[in-house]
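Notes follow once the structure below has been shown.
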Amino acid sequence: MAQLELIRDNGHPDRYRAYSIMLDGDKVCEIRRGQTKLIPISPGAHSVMARIDWGGSGALQFSATPEETVALRVTSNCLGWRVLLLFWYAFADWNSYLKLERLKTSYGDGALGRD
């Protein structure tokens with residue numbers, strides 16, 4: 001069985017709040033600041049999103065092979081100077097408040113390590 005590894009950074013935005021993780025339209029877990037979660041998934045194509053109250057990320061499409069661990073990092077887009085854009089994200093671009101990115105390498109894909 002394949003796995004989805006979710007890694008949340010230690011950034012200051014939303015430090016006391018959990019992000020909800022939606023896999024193929026269903027909420028599968030919540031992830032808090034500094035946590036890493038492993039979620040078993042079936043091999044094949046999937047769509048994942050991160051949500052928090054009014055904001056979230058766009059959908060990230062990925063495909064997993066059997067025994068692969070797909071590693072994703074979830075962060076806030078309001079890090080550093082971007083905190084000045086908070087009202088932009090809240091009122092105009094709420095699906096860009098969070099960022100989901102697939103790490104360049106993941107366990108099981110033949111690579112030696114991850115970023």
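A few points about this structure:
- When 22, 1 are screened for being under 17 Å from residue 99 (Cβ atoms) and either in contact (Cβ under 8 Å) with a residue 60 or more places away in the chain or not β-branched (Val, Ile, Thr) (or both), only 22 passes.
- Subset tally (residues that are under 15 Å from the mean Cα position of the chain (by Cα) and modelled with pLDDT under 90) for segment 54-71: 2
- So residue 81, is it exposed (fewer than 11 other Cβ atoms within 10 Å of the Cβ), farther than 22 Å from residue 1 by Cβ and at pLDDT 70 or above: no
Table: residues versus (1) at pLDDT 85 or above; (2) assigned to a strand (DSSP E or B); (3) over 14 Å from residue 8 (Cβ atoms).
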{"residue": "40", "(1), (2), (3)": "yes, yes, yes"}
{"residue": "50", "(1), (2), (3)": "yes, yes, no"}
{"residue": "73", "(1), (2), (3)": "yes, yes, no"}
{"residue": "106", "(1), (2), (3)": "no, no, yes"}
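The values are calculated or read from the model by the stated rules, or taken from the named source; none is laboratory data. None of the values given here were measured: they were computed from a predicted structure. Positions of Cβ are backbone-derived with ideal geometry, glycine not excepted, and every protein chain shown enters the neighbour counts.
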